[in-house]
Structure formats: C-alpha cells, structure tokens
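The values are calculated or read from the model by the stated rules, or taken from the named source; none is laboratory data. Treat the numbers as computed from the prediction; the structure is a model and nothing was measured. Cβ: placed from backbone, ideal geometry, glycine included. Neighbour counts: every protein chain shown.
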Amino acid sequence: MPSRIGESIPPFPENVPTADIFTVDFDRLREGDPEEARKVYEASKGYGFFYLSNTHVDYDFMFDLANQTFNLDPDEKMKYEMGNTGSYFGYKMSGSNYVDSKGTPDKSEFYNISKDDVMRNGQYKDHPLEHPETIKRRRAELEEFMASCHRVVLMVLRTLGEQLGLAPDTLPDLHRLDRVGGDQARVTHAPPVSADTITLGEHTDFGSVTVLFNQLGGLQVINPESQDYKYVKPQPGCAIINLGDALVKLVGGRLYSGVHRVVGPPGEQAQSPRHSVVYFSRPNGEVKLKSLLDPDDGEEAMTADDWIAQRAKLRRTANFQGESTYHASRGTEHTKSRDKPKLDKPAREVEAV
Ligand SMILES: O=C(O)CCC(=O)C(=O)O
Ligand SMILES: [Fe+2]
C-alpha cells in the first residue's frame, strides 16, 4: 500500500471486539444476485455498515495524496482551511471540530475535495477551487476515483430502493453525478495516539452512502443490539460502506445510519499515523430531505445542501457554545425509532480497548 511503502502494516489485534458485519460482493450485486441484495438490505437495517468486495475502485493513489498533502507546511495547508461558516470543502486542521458534548477538540486533520469541482459541474466549470499541488496534479485520477465510487453508491441506492418498493431509478435520480450537490472525497490523517483517544468524534454521516477505505483499525461503530462500540476491522480488498442521515430521511427512517467514531488504532497499530480515504455521496443540492415512502405531512423540509452546511457549521470548535450546540449538531441518531444508542460514551470505558 503506497502510503506505507517499505513498511508492513502491523496486524490488527485478535483480542478486541469487532463488528460482525456482512460482506457483499459488488460484481454479484450488479448481476442481480438476490442474496447479495438481501445482505445490503439487512445490513442497512442493522449496523448500517457492510463490507463490499470487488469494488473496482482504484484508491491506492489517494493514500499517497493523503501522505503528501498532510506533510505540507502548516502554512500551506491553512491557505485552504474551510472556515467556520458551513463550507465543507478544503482543509480542516486538527482541533477545529469538537468530539463530544464538552467541546473537546478533535485530533485529526482532513481535506475534502468537491465532486463538482473535480467534474467541473455548475459554478466550478469556470471557477475551479484552489488546491495544493499534491491534489491539483491528481485531477484525472480523482475524476476516475469519484466516478467509480459513485457507481458503487448508485448500485447500493438502487438495491435499497427496490427492497423498499421504490422504482429502481427513484433514489439514483436524486444522486446524479452530473448534477450539482455536496458529494466529496476526503482524506484524513491522525497522528499515532493510544487506543483510548478519540481522534474523530461520535457521529453519523450527513449524506446518503459513504464508501470508505481503511488500512488501520480505529473505526468503531455502535452495535444496534448491545449498544456498545465494536471495531470495524479493515478487510484487505474491501471497502466499508455505511449509510448517512440524508438517505435515512428520504426513506422515512426505515434504514439506519450507524453511529461511529475513530479512536487511536488498537494494539501494535497504535504506533502508526493513520490515514483514511472516503467518498461521501449526498443527494443533489436542491433535493428536499423528506420521506419518499410516506404521505406528505406538509412540513417544509431542509434541502440536502442546507442540511450539510448546518451540520458542518455546528461541529466547528469555534461555533461551540455548550451542550446545546452539540445536540443541535447531531443527525438522525436521536430521532430514529429503534432503541437509543449509548451516545457520547468516552473511549476509555469501551470494553477491552
Ligand atoms: O477514518 C475512518 O475510518 C472513518 C472516517 C469517518 O467516519 C468520517 O470521516 O466521517
Ligand atoms: Fe463518518
């Protein structure tokens, strides 16, 4: 794996609690295998997470891009800092989001790259965003990365829509690659920290379907039955797929957006800096986030763009004004009808970490 050339990745330990999540094969799903479709649906009502093999996504270069970008001078990175007003593209320095209801600063930096900027959609056609050279020179690869992740997203959306009785194109039509929306690729970096340190706070993803590539452990998701955190062990060759709040809203709460967080990698892996590579899909910007499966209740719903801006803004340390900000920043995790997860549990209380 290129970001760790010449280094072997320390093993994920055997003695930590891991999430028992389904593995779905993308090729078989595309061929219409009903068993694979069933697994997608069951996973989306359970953990809200599953592994996907045979994704046909080339993501190795993104770990290189991450390494090179986060190694830039802090001054250079800060030129692209996203700010506190709800913009969600560009660089986020470590500490500028908070991780809990006390406003504790996070310990990871990330860089978000807009799908519309890379694809030159809408306003970006004539006014592309500025990026450091480490990202600029990867535009062709980024385009391919985004298009291939988006193919995965559409297949998941089509499958879930069909399982819920929607026409196959209903959800994909609200997530068009060539229409303006908040989709983004992200690379993250956290320095080596112990396994009881939260580097990215407890959250649900804002959008529809997330496609994630991990080399090291540290990602944890709440088990819907036991309501405690389990590690999502990286599986070589597999993406980790999870659902976000926008999709949960579009299907009237019939699917589940898993509550997750990132802590320092477990066991021997704790000596290593951690990178992850993500593609976040969102509904197209003007899509109203209300149920497609229930009668219209007449309530005005937020657009996908406003939803993302609100959540991004309220998660910034600079905008934190006490516990009420934290609660206002949350997603569908506190509105779903299933049992309430044990939210905001400090990492050090998690069993066997
Ligand atoms: O780094 C990871 O494994 C997950 C990152 C994540 O949950 C996020 O960026 O929303
Ligand atoms: Fe996430």
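Please indicate, with yes or no, whether at least one residue in region 176-185 is of a type in the set (K, R) and out of contact with any Phe, Trp or Tyr (no Cβ under 6 Å at 6 or more places or on another chain).
Yes - at least one qualifying residue is present in region 176-185.
V156 versus (1) crowded, with 18+ Cβ neighbours inside 10 Å; (2) at positive phi; (3) away from ligand 1 (no atom under 14 Å from the Cβ): which is the lone unmet condition?
(2)
Name the single residue, out of those in region 265-298 being small (G, A, S) and within 16 Å of ligand 2 (Cβ to nearest atom), that is nearest to P234 (Cα to Cα).
S276
Within region 63-76, track down each residue that is more than 22 Å from the chain's Cα centre (by Cα) and either under 20 Å from R138 (Cα atoms) or free of Cβ contacts under 8 Å to residues at least 12 places away in the same chain (or both).
N71, L72, D73, D75, E76
From the list D106, D100, pick out the single residue that is surrounded by 21 or more Cβ atoms within 10 Å (Cβ to Cβ) and either touching a strand residue (DSSP E or B) at 6+ places or on another chain (Cβ under 9 Å) or modelled with pLDDT of 95 or more (or both).
Step by step, each of D106, D100 is checked, and only D106 is surrounded by 21 or more Cβ atoms within 10 Å (Cβ to Cβ) and either touching a strand residue (DSSP E or B) at 6+ places or on another chain (Cβ under 9 Å) or modelled with pLDDT of 95 or more (or both).
Restricted to region 217-229, and to residues that are away from ligand 2 (no atom under 13 Å from the Cβ) and either under 12 Å from the mean Cα position of the chain (by Cα) or crowded, with 22+ Cβ neighbours inside 10 Å (or both), which residue is farthest from S44 (Cα to Cα)?
G217
Please return the ranges of strands (runs of 3 or more DSSP E) entirely within region 173-229 where 2 or more residues are within 13 Å of ligand 1 (Cβ to nearest atom) and at pLDDT below 95.
198-203
Is it true that K115 is under 16 Å from S276 (Cα atoms) and crowded, with 18+ Cβ neighbours inside 10 Å?
For K115, the condition - under 16 Å from S276 (Cα atoms) and crowded, with 18+ Cβ neighbours inside 10 Å - is not met.
Working only within region 152-210, note down all residues that are under 23 Å from V118 (Cβ atoms) and polar (S, T, N, Q).
Q184, T188, S208, T210
Given the criteria away from ligand 2 (no atom under 16 Å from the Cβ) and either touching a residue at least 12 places away in the same chain (Cβ under 8 Å) or not hydroxyl-bearing (S, T, Y) (or both), does E202 qualify?
no
Taking S329 and the conditions (1) modelled with pLDDT under 85; (2) within 17 Å of the chain's Cα centre (by Cα); (3) among the small types (G, A, S); (4) under 29 Å from C238 (Cβ atoms), which numbered condition does it fall short on, given that it satisfies the others?
Here S329 clears every test but (4).
Working only within region 244-264, note down all residues that are part of a loop (DSSP other than H, G, I, E, B) and either of a type in the set (A, V, I, L, M) or more than 13 Å from ligand 2 (Cβ to nearest atom) (or both).
Listed by number, the residues that qualify are V251, G252, G253, R254, L255, Y256, V259, G264.
Out of the residues in region 276-292 that are within 17 Å of S87 (Cα to Cα) and outside any strand (DSSP E or B), which is farthest from ligand 1 (Cβ to nearest atom)?
E286
Quick check on this structure: which one of Y91, Y41 is modelled with pLDDT of 95 or more and assigned to a strand (DSSP E or B)?
Checking each option against the conditions leaves just Y91.
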